[in-house]
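Notes to accompany the following structure.
The values are calculated or read from the model by the stated rules, or taken from the named source; none is laboratory data. All figures in this text were calculated on a predicted structure; none of them were measured in a lab. Cβ placement follows ideal geometry from the backbone for every residue including glycine, while neighbour counts extend to all protein chains displayed. For the accessible areas, the whole protein counts, side chains as well, though only heavy atoms, and no ligand, DNA or RNA atoms are used. Shrake-Rupley method; radii C 1.70, N 1.55, O 1.52, S 1.80 Å.
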Amino acid sequence: MGEPVLRIFSYLPNPRVWKSLITADLCGVEVEVLGAKPPELGGWLWDYDARPLADDERSDDSPHARVSRRGFSGTLYKTDAFLAAHPFGTVPAAFAPGGDVGVFESNSILRAVARAGGGLYGQEDSSGYTASRIDSFLDANLVFAREAQVYLLGMDDPQAHVHERMAAAYEFYLAGIEQALTSGRFIVGDTLTIADVSFVCDFAQFLREGHYEEALEKAGMSLVSADGLKEYPCAYGHMLTLSEQEEFARHMGTYLNWYRNKQN
Ligand SMILES: N[C@@H](CCC(=O)N[C@@H](CS)C(=O)NCC(=O)O)C(=O)O
């Protein structure tokens, strides 16, 4: 393998980063990953040259101190260069070699890896329409994943209106994926693409709602995914099968074991 095609900074492990790592493995390219466990990342300098900060560098009068926006609380330390490269200030945050170009949104980072590696982004179709169809699924996936992010981050105090929005987003997205998989072995065409990779990672992350079954029940709600295997057998089966494939399993590890065990 050659030089890394991208550097990714994030909390780790992160299913949004797995999208790129799985793709890098499938395409045979190298991706560099920097980061730490979620609670530790608040004590890091968010930058191309990200690093843990010393205690005396972590203060509210630091020039890098910023109010966190989503998924983190309190102060984060982001350099001006980081915010120039990543205007929304989120992780995963990817950089082209050298750090001048920032690439954000995990699906776009995934696209960048697939473009560098070849083979998973419809490149064999020179008209570009296959790549555009893959983009269509990635966009639909982001709409679902954003709803799932709000839903999962709110699990300490589940709200009916959030649950309702999640259920609607789930039904819409899963019905589309199920439909696509009834006519093909993969989401786009007859071969694996980054549409499959993105689906597997974001959907596996959404299934974590299962860890909050009790909290949901106490608040008078039930799991959105309760009858998923029966309602969307192709979609669930596709995720479970792909997650066992070597390049996926290497990064996803035991992430879905609890779900598999629950079905047995
Ligand atoms: N849709 C984005 C989600 C990224 C995102 O929302 N990241 C949050 C953490 S989960 C973040 O970096 N928050 C930074 C902050 O709170 O300032 C993606 O797929 O990359």
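For region 129-157, a residue qualifies if it is in a loop (DSSP other than H, G, I, E, B) and over 27 Å from Pro87 (Cβ atoms), and the qualifying residues are Met155, Asp156, Asp157.
Among the residues making up region 134-189, those that are within 16 Å of the ligand (Cβ to nearest atom) and of a type in the set (Phe, Trp, Tyr) are Phe137, Phe144, Tyr151, Tyr173. The residues of region 229-250 that are closer than 18 Å to Trp18 by Cβ and crowded, with 20+ Cβ neighbours inside 10 Å, listed by number, are His238, Met239, Leu242, Ser243, Phe248. Scoring Gln179 on the criteria (1) in contact (Cβ under 8 Å) with a residue 24 or more places away in the chain; (2) under 26 Å from Ala131 (Cα atoms) leaves a single failure, condition (1). Among residues of region 89-111 that are outside the structural domain of Gly42 (by TED's automatic domain parsing), none has a Cβ under 9 angstrom from a residue that is more than 8 Å from the ligand (Cβ to nearest atom) and at pLDDT below 95 at a sequence gap of 6+ or on a separate chain.
Filtering region 8-48 to residues that are within 15 Å of the ligand (Cβ to nearest atom) and farther than 24 Å from Ala249 by Cβ leaves Phe9, Pro39, Glu40, Leu41, Gly42, Gly43, Trp44, Leu45, Trp46, Asp47. Taking Val67, is it on the phi < 0 side of the Ramachandran plot and over 22 Å from the mean Cα position of the chain (by Cα)? The answer is yes for Val67. Of all residues in region 67-82, those satisfying the criterion of being closer than 20 Å to Leu153 by Cα and surrounded by 15 or more Cβ atoms within 10 Å (Cβ to Cβ) are Phe72, Thr75, Leu76.
Take Glu164 and decide whether it is open to solvent by less than 70 Å² (accessible area, probe 1.4 Å), within 16 Å of Ser225 (Cβ to Cβ) and charged (D, E, K, R). Here the answer is no, as Glu164 does not meet what is asked.
Restricting the first member to region 239-264 and to residues that are free of Cβ contacts under 8 Å to residues at least 24 places away in the same chain, and the second to residues that are open to solvent by less than 40 Å² (accessible area, probe 1.4 Å), the beta-carbon pairs closer than 8 Å and six or more apart or on different chains are Leu240/Leu256; Ala249/Ser243; Arg260/Leu240. Val67 fulfils the conditions (1) near the ligand (Cβ under 8 Å from one of its atoms); (2) in contact (Cβ under 8 Å) with a residue 24 or more places away in the chain; (3) aliphatic (A, V, I, L, M) except for a single criterion, (2).
Being touching a strand residue (DSSP E or B) at 6+ places or on another chain (Cβ under 8 Å) and more than 13 Å from the ligand (Cβ to nearest atom) holds for only one residue in Ser59, Ser127, and it is Ser59.
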